[in-house]
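In what follows, a single structure is set out as structure tokens and then discussed.
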């Protein structure tokens, strides 16, 4: 029996070749395998009588084989095997294609369970290519696992059984006995056995509850550990300056939410431990002005600030905004991006090293070798989910434990924010600046597409610009049009004569930036794109957002897309085209049409879709939750948070050794600032 932490290749039935296939599923060790959980189950506990089988649907039937017909070779490489089975009242003809082994394994006079689509009529029932198991089999609830090419369900089940044969609480238990008792949880070994091979349907629920609790507890402890790590002292305990010089130079009045966020940041920066704060705001809520105020505070204390953006075009936008906000009060803002000449980069870096810039705005070029700073006291990251751990960590190391500010334009429900950004203090901008125009939103069916396109043409002829969004770029993805093909269709049809650009995630980064720049500069009338335009660049002249197949997006995504228009003085519109007739689809689009409040929309989105699709785990830095559901498990989240408070000081003790190891493993891959 292989040790749980040994390579998967050493498990009986695997070996080096199959180990390569397992690695494609993220399974490198035996322990990884036992935590590779079923995505669903085939339940053979309640077979249907042959007479009651629903035609053209998958049915489970228990029947005895009474006759096997001779094999029939219908063409080269295709042999058909047929047998007749009965449940005592009615008969079922079972057909197997090219599987001599399966056919030979079934014996006349023995009972089997057949699972497959039943065809025929009132007097004749047939089933082709069924899943077959002996009637005497003990495991009548069969797990269905995520697979990859080369691995089968039967192989995976056999390997999991082999791995679980040596399972004991001593080998897998994460929690001390008192926490298990206090939280009413089953032991880990029992949970793993029941989640993989439940004897009854009801076995799955307490097993799932235990394993979901483990995930949530590990996540919460990881966030608490990160918070502890961030509490080491900083060289920049700042004094509160008079902000009049900053606010009087602004071309607008700060909102109450912005003033509150600035005060929270200032209180953080006065302490001897570094600020670690998230500014969470809806599109257009004024996060950049809050960031500018923090830069002003740092500069008045003789410290430098850097603001890192994920793309050059977004960095240029921040550069323009910060210059407008800060240069009137005497601060100097520099720009450091990859497209600058080598000579210019060197000049900016040297000037930053000498302290000539109060603020430097840029992309990943900010932390590359050669970039230096003079008293770097504040690091600001925009849309931080777009940066890798190593990138964020490298920038922070350019200073002496600087204050850190993160900005995100994705409104997140507080429950979710606490789990995802648990190591950050959170400031919420829940108030839009005065004068911000409401975007008129309309949901229409495909029958009105021509009328919608006519409306877009009217806006273009009046000098505006438009986005047209498609859900996918992959060819053959259901009935979704390929974005490039769709753009060509529009060029020849509804928008012939207009300048059209195409933007999607498969384009090289430089090409994306060029297309977006051309659209921003007015060289394109229409941008046909995927969701890569959700966040970031302001195009004040864009007044229409038209979204095809709107039912395929989450509410939060649609709200983010809608936020790309209405950035200037023009009246702006969002047209959602959908052919979905479902009640849920109508409900979702009604929510979007009735409110512009991103936080209210995100709460509804979380309820309707769950966090797995909320904005994609790859984007927000949240470790992938295999079994916990942040939308449905609110009671479990509270239980895990309370347990984390009790366990945080016990991490590292012998009784919590396994839990400590799991927390550290999670931080190694997912810490928001690299620890």
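Just so you know, all these numbers are worked out from the coordinates, no wet-lab data involved. Quick caveat, the model's predicted, so the values are computed rather than measured. When we count neighbours, we look across all protein chains shown, and the Cβ atoms used for this are built from the backbone with ideal geometry, even at glycine.
Observations
- Gap separating the Cα centres of segment 100-115 and segment 490-529, nearest whole Å: 59
- As a rough footprinting exposure proxy, the listed residues 342, 626 were ranked by other beta carbons within 10 Å of their own, and the order from fewest upward is 342, 626.
- Mean shadow area of segment 86-214 over all directions, Cα convex hull, nm²: 11.2
- Between the beta carbons of residue 137 and residue 46, assuming R0 = 22 Å, the FRET efficiency works out to 0.90 to the nearest 0.05.
- The fraction of Cα-Cα pairs per 10 angstrom bin, counted from 0 for segment 45-136, comes to 17, 54, 26, 3 percent, rounded to whole percents.
- Its residue count N sets the reference 2.2 N^0.38 Å, and the alpha-carbon radius of gyration of the chain equals 1.14 times that reference.
- Bridge type composition, the chain - antiparallel percent by DSSP, nearest 5: 40
- The chain: angle of helix 204-229 to the longest principal axis, Cα-based, in degrees nearest 10: 20
- 507, 156 arranged by Cβ crowding within 10 Å, fewest neighbours leading: 507, 156
- Binned Cα-Cα distances of segment 440-595, short to long, each 10 Å bin given as a whole percent: 11, 44, 38, 7, 0
- The angle between the Cα long axis of helix 256-269 and the longest principal axis of the Cα atoms of the chain comes to about 90 degrees, rounded to the nearest 10.
- For the chain, the 222 nm mean residue ellipticity estimated from helices alone, with every DSSP H stretch of n ≥ 4 adding -39500 (n - 2.57) and the total spread over all residues, rounds to -11000 deg cm²/dmol.
- Nearest-ten-degree value, helix 312-326 long axis tilted from longest Cα axis of the chain: 40
- Scoring 482-491, 650-659, 214-223 by mean Cβ neighbours within 10 Å over their residues and listing the highest first yields 214-223, 482-491, 650-659.
- 115, 265 arranged by Cβ crowding within 10 Å, fewest neighbours leading: 115, 265
- Orientation-averaged projection of segment 1-96 equals 10.4 nm² [convex hull of Cα atoms, one quarter of hull surface area].
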